[in-house]
Amino acid sequence: MASLKDLRNRIASVKATQKITKAMQMVAAAKLRRAQEAAEAARPYSERMGAVLANITQAIGGGGDAPALMTGTGRDDVHLLIVCTAERGLCGGFNSQIARLARDHIRRLVADGKQVKIICVGKKGYDILRRDYASLILERVDLREVKTLGFVNADAIARKVIHLFNEGGFDICTLFYSQFKSVISQIPTAQQIIPAAQASAATEGGNSGGAVYEYEPEPGEILSDLIPRNIAVQIFRALLENAAGEMGAKMSAMDNATRNAGDMINRLSITYNRQRQAQITKELIEIISGAEAL
Amino acid sequence: MAEAFKFELVSPERLLVSEQVESVVIPGAEGEMTVMAQHAPVMTTIKPGVVTVKAASGKEDRYVVFGGFADILPSGCTLLAESAVHVNDIDRADLARRIQDAKEDAADAKDDVARSRAEQFLAQLTTLEGALLPA
């Protein structure tokens, strides 16, 4: 049985841990608010972008001059997966959920005899995927040094992806990230970005009211400028959602940890008090029986 | 007084302007254009330059944008800028960095098309710098 001193030490150490988890929870809460604001501020842009893209695709009407980024290469042999995760751990199942979704996807593709390439954004996803698929990972984008996520970060990734596409490095590109639903629920999501999912064209349509646009320069030229930008926007949105989701997950994970530490302190204190009482009783008995023997 | 319409200036990070305006001057890729209410639907790309917004209240604001798109409808105008800042907040160092980047791009360009595009971009940036920062 643990001695009183051991118990005291245990309690002290659990208390210290509790303080840390509590501080982390509060930090996560503050960061979550900021991340959420950033995600919200970015929403108008991606929404408008979607609407503009829908208009212009309608105008072109799937004509022959649509750029390859939109129509794809017509094959689906080589898949590129962009797996976005957090840079840090201690956020519950957040990272492993995304990684699991990606891994299932990879397994399915490999079983179908497709070639898979991976770009990891964030350290944690890289750590997890490296175990099984180290040979497939092309590159790892490190955002640890980045304090506030800017569009430039997303743009840099998008540029790499587009460059790779133009070199014929892959046929289909899918983005893995965690959709921020609420503080307690983040949904790992796979989204195909190249070729651009056809769904975006179908959702809009009523927006322009069938207005006939004039284009300056030609629609094809605008589109070839717009599509790469749209990819950057999609990645940016994924990164922002991820940042918000990470903080949400971290907040609830740390909240749990704080509560567990509290429970543990209670249990340990009870054991400690019982044991102390037992010892006092024992000492009293010894004194009394000693006095009686006289 | 001219009729007002809705103008929105959006950058990927945030929504900068969303208000009723009288006219907007947009640095279109093929020349500057002034947009007023009931403009014919136009979609255009934007070169780096200054957007002048004349609000319905008569107040005039100027924003520096670095490339993007404008989606113009009779009912309103949306400007999707790659990056946009108010003219008062422009950062000399940032502009200098962009010019430096553009110079490198022009130097690294692999083929003629890319080079001429990069050089054009560089020229636009330099003009912008000249217009904004009187030596």
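Computed quantities for the displayed model
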{"quantity": "Contact order relative to length of chain B, as percent, for alpha carbon pairs under 8 angstrom and 6 or more apart", "calculated": "20"}
{"quantity": "Eligible lysines near residue A:282 by straight Cα distance, threshold 20 Å, same-chain separation 8 or greater", "calculated": "A:5"}
{"quantity": "Normalised per residue, the volume of the convex hull around the Cα set of the range A:42-124 (Å³)", "calculated": "128"}
{"quantity": "Ranked A:148, B:44, criterion: other C-beta atoms within 10 Å, fewest first", "calculated": "A:148, B:44"}
{"quantity": "Compactness of the range A:125-187, expressed as Rg and Dmax over alpha-carbon positions, Å", "calculated": "14.3, 41"}
{"quantity": "DSSP beta bridges in the protein assembly as shown [antiparallel fraction, %, rounded to 5]", "calculated": "65"}
{"quantity": "Reach of residue A:250 by Cα under 26 Å, taken over lysines that are not fewer than 8 positions away in the same chain", "calculated": "A:15, A:19, A:22, A:31, A:123, A:124, A:147, A:181"}
{"quantity": "Overall form of the range B:91-132 per C-alpha gyration tensor (a/c, 1.5; a/b vs b/c)", "calculated": "oblate"}
{"quantity": "The protein assembly as shown - convex hull of the alpha-carbon atoms, volume per residue in Å³", "calculated": "211"}
{"quantity": "Förster radius 51 Å - calculated FRET efficiency between residue B:40 and residue B:107 (Cβ-Cβ, nearest 0.05)", "calculated": "0.80"}
{"quantity": "Relative contact order for chain A, counting Cα pairs under 8 Å that sit 6 or more residues apart, in percent", "calculated": "33"}
{"quantity": "Gyration tensor verdict on the range B:5-87 (Cα atoms; rounded if a/c is under 1.5, prolate if a/b is larger than b/c, oblate otherwise)", "calculated": "rounded"}
{"quantity": "Ranked A:76, A:171, criterion: other C-beta atoms within 10 Å, fewest first", "calculated": "A:76, A:171"}
{"quantity": "With eigenvalues of the C-alpha gyration tensor scaled by 5 and rooted, the range A:33-251, Å", "calculated": "30, 22, 14"}
{"quantity": "Filtered trypsin sites (Lys or Arg not before Pro), the range A:96-141: DSSP coil and at most 16 other beta carbons within 10 Å", "calculated": "A:114"}
{"quantity": "Straight-distance crosslink candidates among aspartates and glutamates, where the alpha carbon sits under 16 Å from residue B:103 and sequence neighbours closer than 8 are dropped", "calculated": "B:94, B:111, B:112, B:119, B:129"}
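Every number here is computed from the coordinates shown, using simple stated rules; none is lab data. Quantities reported herein were computed from a predicted structural model and do not represent experimental measurements. So basically every Cβ, Gly included, is an ideal-geometry build from the backbone, and we count neighbours across all protein chains shown.
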